[in-house]
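These notes concern the structure reproduced below.
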Amino acid sequence: MRTDIFARLDREPEPPKIETPRMSRHRIALFGGTLAFYLAIVIAVLMSSWLVTLDWKVMLFRPYQQWPQIHAFLDYYVVLGQRGPTAVMVACWLGWRSWRQHTLRPLLTLGASLLLLNATVGAVKYGLGRLGPHYATQIGSAELFAGGDIFPSGHTANAVVTWGILAYLAATPRARRYLSAMSAVVSLGVGLTTVYLGTHWLSDVVLGWAAGLLILLGLPWCEPMITRAENWIFAARERLSARSRLVPAPPVPAGDPQPVPAGQPAAAETAAQDQVRPPLATGSRPAAVAVVTTATGSRPRAHTTPPAHPGHPARSERTPVTPAGSRRPPHADRTPRGGTAPARPVAGG
């Protein structure tokens, strides 16, 4: 057994038994509390409460002007919340895990979480239509239903889901704790970075954290659908493999002999038999041709069967031919049967 670090790159001989998370009472309680917090933030912004006033105070403080020395670093750090780059990085890691563990569950879980993220966060974004700090028109206003798309923060919610899915799919409790802490730090930093850059209100970031956490907490409800999708994909792959094993016969070019099913004489052999047959006399009836196939699988041979004539036995009308290579000389005075003998000279005249 290999003990070095490269042994982790080998494919496991059989799929491991990975425990699927379930909706326990603790998880349901967390989901309910996070949902209540989510609704409270939305209501507070709709009512232009103290949360909107805090948004304006932070925006007017202009953090990017207070600490300009970290601006260049945070421009790159915020990429950890962009959906495209983060989805590609995490998909590569989960794709390797899927190949190694003979399962599609990691990739399908990532796809289901991103689908839920686009559906839920996108619906609220375009439904409330809040403008960002750089496009605000009235101080103290919530800037809702103005054609914007920043509430909740997509960068923050995407960071919570994309990096949190690694903790959700962790195989051991220890790895789950470490990955949960890492995803929390990354998503917290991405949210605060958007506030620093002035692209989001503080309430956008808080709602983005809640939106991403709701998706992670509700993923166990999607596990039956993920299992059915995995079984369907594997079944489709088996069907395609079975069809590919049935290789069709290659097409025969025009002019080449066509394949003949077993038990039937080939067309070339039939033509050869026709050439071997003697020409029939004028007025005679065609002879019946019988094809005989031996039990040993030898080539069929053809022989002519003379037709039955009433009143006299059937005789061949052909002139006997001396076989090639025979030492017996031909008899010039022998006449064919049924013919008229030529006149012989009488001795002694």
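The values are calculated or read from the model by the stated rules, or taken from the named source; none is laboratory data. Note that the structure is a prediction, hence the values are computed from the model and not measured. Cβ: placed from backbone, ideal geometry, glycine included. Neighbour counts: every protein chain shown. All accessible areas refer to the heavy atoms of the entire protein, side chains included, with ligands and DNA or RNA removed. Shrake-Rupley method; radii C 1.70, N 1.55, O 1.52, S 1.80 Å.
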Measuring from a point 7 Å past the Cα of residue 82 along Cα-to-C-beta, which residues in the stretch 165-208 have an amide N at less than 20 Å? 186-201, 205
Which whole-number percent of Cα pairs in the stretch 162-217 have a distance greater than 12 Å? 66
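Taking a ≥ b ≥ c as the square roots of the eigenvalues of the Cα gyration tensor of the stretch 41-119, is the shape rounded (a/c under 1.5), prolate (a/b larger than b/c) or oblate? Intermediate values should be presented prior to the final figure.
Details: a/c = 5.43, a/b = 1.76, b/c = 3.09.
Oblate, because a/c is 1.5 or more while a/b does not exceed b/c.
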Whole-number D in µm²/s for the stretch 79-185 (Stokes-Einstein; Kirkwood sum over Cα pairs; 10 °C, 1.306 mPa s): 103
Distance from the Cα centre of the stretch 46-81 to that of the stretch 152-224, in angstrom? 19
Any chance you could list the semi-axes, whole Å, largest first, of the equivalent ellipsoid that the Cα gyration tensor gives for the stretch 106-159, using √(5λ)? 28, 10, 6
So if we plug the beta-carbon distance of residue 238 and residue 92 into 1/(1 + (r/R0)^6) with R0 = 41 Å, what FRET efficiency do we get, rounded to 0.05? 0.95
Accessible area of the stretch 119-259 divided out per residue, in Å², using a probe of 1.4 angstrom: 52
